[in-house]
1. In Å, what Kirkwood hydrodynamic radius results for segment 4-134 from the alpha-carbon pair distances?
2. For the chain, modelled as a Gaussian network with Cα springs under 10 Å, which listed residue fluctuates most, Ser127, Ser181, Ser276?
3. Just the ratio, please: alpha-carbon radius of gyration of segment 86-161 over 2.2 N^0.38 Å, N its number of residues.
4. Quick one: Karplus J couplings for segment 167-181, per residue in order, coefficients 6.51, -1.76, 1.60, θ = phi - 60°, nearest Hz, x for Gly and Pro?
5. Can you name the helices of the chain, as whole DSSP H runs, whose Cα span along the helix axis is 24 Å or more and whose Kyte-Doolittle mean is not below -1.0?
6. If you find the alpha carbon centre of segment 303-367 and of segment 96-172, how far apart are they in angstrom?
7. Based solely on C-alpha atoms, express the radius of gyration and the Dmax of segment 322-376 in angstrom.
8. Karplus couplings for segment 370-375 from phi (6.51 cos²θ - 1.76 cosθ + 1.60, θ = phi - 60°), rounded to Hz, Gly and Pro as x?
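Rule-based calculations on the coordinates, nothing more; no lab input. If you're wondering where the values come from, they're calculated on a predicted model, not measured in any experiment.
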Amino acid sequence: MSGPDDRARRTLTEAPADLLLDRLAAELARSYGITEAELYQVDYRLSVLLPLSGGEPISGPGHPAWRCFDHQEPILNDGTGWFPVGMRGERRGVLKLSPVPTDPAVVDTLDGIATAFGHEVAAVTASTDVYLTARRSRRLTLAAEMQWELLPGRSRIRPSFSLAGQLEPAYAVRGDSFDWSDDGHRLWLTTINGSGEGVAASLLTTLATHALRNARRAELSLADQAALADQAVYALHRGAQHLSALMIELDLAEGRLTAVDAGSPRLLLLRDGEVSEQTLEKQFPLGMFEDTDYREQHFQLQRGDRLFVVSDGVIDATGQQIRYGETALDRFLRRTGPMEPLDAVRSLIGDLRAFVAGDLVDDAVVVCLDWLGPQP
């Protein structure tokens, strides 16, 4: 006979896409006497947790919900349990349950159910707007809507690496973006420093991203991926529009990094507490000229190395007529050593917002990659 855990998971797989929380809440009430269940999703800015069913958002960093989100572990507080909701390193939010027994076995079971809930939310998001609508604190611009739909996620964890990225201004981003994929042996990462304004910038980035994906899935070399995307952009715009990109391929067994710099964002290395900029051969942006011949560079990473890719919107962010600049960036990146990549990215974006006293005017993209070493 199936137990409460099995029944809850079966309930999730059988529930209509828009009723995952309602059906799960009913099952948890039957099995554990839980009378309150609510999903709080993190918003696009990573700054507030928004309830799916409406009500007051949670923004205070000391709140149990944020402690659960930050540490990715259950938090019990006065009979209420907060459980991380995510999928393979992608943090979606937290599940609030009340009342929750203090029995460690029950807490562990509920933690597993929250993870299963996160997988189901991810699986159905493409077929319903319920979850996407509820995770925004204000309306996205059309360009930003297109950019967020283009992303593979915001964070990813495997035994050999951990990865996270963020776009800013989150609700009005235009052309900056990132993309990644891995097959267990290699990780591909592209960071795009877009150009142009509004929807035109988003369309240009979308074209380049899909061209790079098409070439990657054809198993072309990194240089040939860049060449194909270059041709796709040039064929449409004849050099009148182009964009900068940094393409990386990481061998997960050896830590060998291959890079193609097409007028790219900056690549910074944090090693043993010190920040250094990786010297890249600057090549033409994608779509600037016809038949550009791109060349690959190779670097060797060490176990525990952290890479940051930042667009010029980070360096050039301006507050009170003062530029954020390389010195402030290096100083802040050194402080991120103990943080998980998503926390490091969120902290840097938060520091930029504080520096400019609001949302950034120009697009900025930040990606953080930890290589943890080869894993069996």
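1. Result for segment 4-134, one decimal place: 14.5 Å.
2. Comparing Ser127, Ser181, Ser276 in a Gaussian network model of the chain, the most mobile one is Ser127.
3. With N residues counted in segment 86-161, Rg over 2.2 N^0.38 Å equals 1.34.
4. With coefficients 6.51, -1.76 and 1.60, one gets 10, 8, x, 4, 8, 9, 5, 10, x, 6, 6, 8, 8, 8, 7 Hz.
5. Working: long enough: 104-124 (30 Å, 0.92); 198-217 (29 Å, 0.25).
Answer set is 104-124, 198-217.
6. Distance between centres, Cα-based: 23 Å.
7. Calculated on Cα positions, Rg and Dmax stand at 13.2, 48 Å.
8. These are the phi-based 3J(HN,Hα) values: 9, 9, 8, x, x, 10 Hz.
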